[in-house]
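Chemist: A single structure is presented below for examination.
The values are calculated or read from the model by the stated rules, or taken from the named source; none is laboratory data. What you see is a predicted model; the values in this text were computed from it and never measured. Here the Cβ positions follow ideal geometry from the backbone for every residue, glycine too, while neighbour counts run over all protein chains shown. Side chains included, ligands, DNA and RNA excluded: accessible areas come from the protein's heavy atoms. Shrake-Rupley method; radii C 1.70, N 1.55, O 1.52, S 1.80 Å.
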Amino acid sequence: MDTTKIGWAVQRTGAGRERAGEPVDPHAGILFHARRGAKVNQGQPMATLYATTSALLREPTELLKQAITISTTPPHAVPLVTRIFTHETAENYLQNAVR
């Protein structure tokens, strides 16, 4: 799953802002029925998209198709936590960040 594309798909349903201060549609978004690595069968729904108009579903649908890879082999495990910040480590991270 390409989580960046999934994030954009959520935003394009109206559930996210394009610019700061814009309203968010509380009735929009994506509900996933299958989790990463789950076995799915052909024809089984993987997600439901919600938007206030059908026109707002076109782009998110395409983004989800691009973001989700279906394979016969399970994905490699990824760590849920990759970094823990403390005051000291955050300061070091920010000082050495590429800008």
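Chemist: Which one of these is over 14 Å from M1 (Cα atoms), touching a Lys or Arg at 6+ places or on another chain (Cβ under 9 Å) and aliphatic (A, V, I, L, M): L49, L64, L56? Even if it seems obvious, please write down each step before you answer.
Modeler: Numbers: L49 fails: touching a Lys or Arg at 6+ places or on another chain (Cβ under 9 Å); L64 fails: over 14 Å from M1 (Cα atoms).
Within the list L49, L64, L56, the selection yields L56.
Chemist: Looking at this structure, is A47 open to solvent by 100 Å² or more (accessible area, probe 1.4 Å) and on the phi < 0 side of the Ramachandran plot?
Modeler: Working: open to solvent by 100 Å² or more (accessible area, probe 1.4 Å): no; on the phi < 0 side of the Ramachandran plot: yes.
Judged against the criteria, A47 is not a match.
Chemist: While we're on this one: Take R17 and tell me if it is open to solvent by 70 Å² or more (accessible area, probe 1.4 Å), among the charged types (D, E, K, R) and at pLDDT 90 or above. Let's see the steps before the verdict.
Modeler: On the way: open to solvent by 70 Å² or more (accessible area, probe 1.4 Å): yes; among the charged types (D, E, K, R): yes; at pLDDT 90 or above: no.
No; evaluated as a whole, the condition is false for this residue.
Chemist: Another question, then. Just one of (1) without any contact (Cβ under 8 Å) to a residue 24 or more places away in the chain; (2) surrounded by 12 or more Cβ atoms within 10 Å (Cβ to Cβ); (3) among the hydrophobic types (A, V, I, L, M, F, W, C) trips up A28, so point out which.
Modeler: Status for A28: all satisfied but (1).
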